[in-house]
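Note sheet for the following structure.
The values are calculated or read from the model by the stated rules, or taken from the named source; none is laboratory data. Please read these numbers as outputs of a predicted model, since none were measured by experiment. Please note: Cβ atoms are built from the backbone with ideal geometry, for glycine as well, and neighbour counts cover all protein chains shown.
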Amino acid sequence: MSDPLEAPVPTTAAELLGLFPPGSRLDPDGELVVGGCRLADLAAAWGTPLFVIDDEAIGAQVRRFRQALELNWPGARMVWASKAFPCTAVYRLMAQQDIGVDVAGGGELVMALAGGVDPARIVMHGNAKTTAELTMATEAGVGLIVIDNTDDIDRLEALASASASAGTGTGTGSGAGTKNAKKQPVLIRVIPDVKPDTYEAVATGQAGSKFGLPIPAARAAIERLRRSKTLRLDGLHAHIGSQIMSAEPFAREVEAIAALGEFGVYNLGGGLGVRYTYDDHPPTPQEWIAALTDAAKSHLPPDAQLIIEPGRSLVAPFGVTVYRVVSVKGEDPRFVAVDGGMADNMEVALYGQRFEATVTSRVGGGSAVELVGRHCESGDRLISGVPLRDPRPGDLVAVAVTGAYCYTLANNYNGALRPPVVFCHAGRPELAVRRETYDDLLARDISPD
Ligand code: PLP
């Protein structure tokens, strides 16, 4: 986390608005407006903490990626890495945008299907997929399953022979139990030995990563899958990490996996970083896609199908978390404590991600404070040294760029109720997820007789 002494440069309203969803503005009375809705009105209607999402801006971002992809590699496919915001309404939004979805496990698969995602467009990942999850995937008709390890191969082949001997015709690939059983399409996840410059916790492409197979083991898996009677090896997958602020390592990733030979499909993963704070300058979607496709033009077969799998960059910039200030104390440091924290934003505690924030009715200027959460850990410090203008109890504070991995990692620490999600565009708010209730907290308990 950045040193509070380095951060307290007062910011202008224009600089702050640049971190909020496009079209965010101030009303004549100075109140912050996102997606055409006054944050104060949303907080009055649904309480705080509150996730506010500009869903139209997400749609526009998807179209930006798709256009760049189509221009650079016609026929390429895009799937959204749904771990970034796994809520049924967002799956529905992505399905409406006509893109596929990456799911890691049975829970995300259930939500994707509930959101209306075509199973043929689903890519299933996971370094520890259980037999139950693989069964769900094959029975649902998931388009691609990404092999992370040889146990995945063992399990999928066992599932196919079980359904063949049961003659059910279900199981691995539709019609697996019949004579002309359709083989389940799979990719192999490869560790390209590329270490991007990002947080340790979300770097995945380096040697020693727990995800995927190193090149020599991938070669052996390729040989095995080429002989498989039930699995169809379509190609390779790699994903080098998340919140990556340079396009350069992606080109190295493509070159590394090209060494494994020619395939019909290459899923190049996600990982494009986003601008959380003033000094962040990630590549644009167009620059990222150009880096991937330029490398693909140099190293991959020209008729191969490319897949990209962005998560964070499709949703993060279009989400805002609104909190209520509960207490303000001290001078140096000055603590501003809000009614949420690490139960709705684990990105700070897990990786030390820096965010920016503002009092919603006094945007810009101010002096540095410690914006802290309400949870019982000193590490529950939302933003260290963030300039806020005259924060007082009862004020609303909006933290920008919380559309990725915040809803995802929300939890019940200290009995916190997970926040609602409100979609807003053109001044029309729509509740997508309600707030948890105290009854929800007790709902899974089994009472003693
Ligand atoms: N693909 C896979 C396999 C992932 O594990 C992830 C997330 O870590 C992504 C794509 C998306 O990454 P990001 O959200 O950084 O774009």
Handout entry: Filtered residue count, region 301-312, keeping only those that are out of contact with any helix residue (DSSP H, G or I) (no Cβ under 7 Å at 6 or more places or on another chain) and either away from the ligand (no atom under 16 Å from the Cβ) or in a loop (DSSP other than H, G, I, E, B) (or both)
Key = 6
Exercise for the section: Inspect region 65-82 for any residue being in the same structural domain as Ala357 (by TED's automatic domain parsing), surrounded by fewer than 22 Cβ atoms within 10 Å (Cβ to Cβ), away from the ligand (no atom under 16 Å from the Cβ) and of a type in the set (Asp, Glu) and give the result as yes or no. Expected result: no
Problem - Candidate set: region 197-222, residues that are part of a helix (DSSP H, G or I) and within 14 Å of the ligand (Cβ to nearest atom); chosen: the one nearest to Val274 (Cα to Cα) - result: Val202
Practice task
Take Ala60 and decide whether it is outside any strand (DSSP E or B), of a type outside the set (Phe, Trp, Tyr), farther than 30 Å from Pro301 by Cβ and within 23 Å of the chain's Cα centre (by Cα).
Solution key: yes
Practice task
Consider only pairs whose beta carbons are under 6 Å apart and that are at least six residues apart or on different chains; among these, list those whose first residue lies in region 136-152 and is within 16 Å of the ligand (Cβ to nearest atom) and whose second residue is among the small types (Gly, Ala, Ser) and in a helix (DSSP H, G or I).
Solution key: Gly143/Ala120; Ile145/Ala137
Handout entry: Residues (over 16 Å from the mean Cα position of the chain (by Cα) and part of a helix (DSSP H, G or I)) located in region 64-98
Key = Arg64, Arg66, Gln67, Ala68, Leu69, Glu70, Leu71, Asn72, Gln96
Handout entry: Residues being more than 14 Å from the ligand (Cβ to nearest atom) and surrounded by fewer than 22 Cβ atoms within 10 Å (Cβ to Cβ) - total across region 245-274
Key = 13
Problem - Those residues of region 431-449 which are without any contact (Cβ under 8 Å) to a residue 60 or more places away in the chain and closer than 17 Å to Val90 by Cβ, in sequence order - result: Arg434
Problem - Lone qualifier among Arg418, Arg392 - being within 22 Å of Ala13 (Cβ to Cβ), among the charged types (D, E, K, R) and either crowded, with 20+ Cβ neighbours inside 10 Å or in the same structural domain as Asp41 (by TED's automatic domain parsing) (or both) - result: Arg392
Problem - Which listed residue, of Phe51, Phe85, is within 24 Å of Gly241 (Cβ to Cβ), in contact with a strand residue (DSSP E or B) (Cβ under 9 Å, 6 or more places away or on another chain) and at pLDDT 95 or above - result: Phe85
Completion exercise
A careful count of residues in region 119-135 that are away from the ligand (no atom under 16 Å from the Cβ), surrounded by fewer than 19 Cβ atoms within 10 Å (Cβ to Cβ) and not small (Gly, Ala, Ser) gives 3
Practice task
May I ask you to list the residues in region 100-118 that are surrounded by fewer than 22 Cβ atoms within 10 Å (Cβ to Cβ) and outside any helix (DSSP H, G or I)?
Solution key: Ala104, Gly105, Gly115, Gly116, Asp118
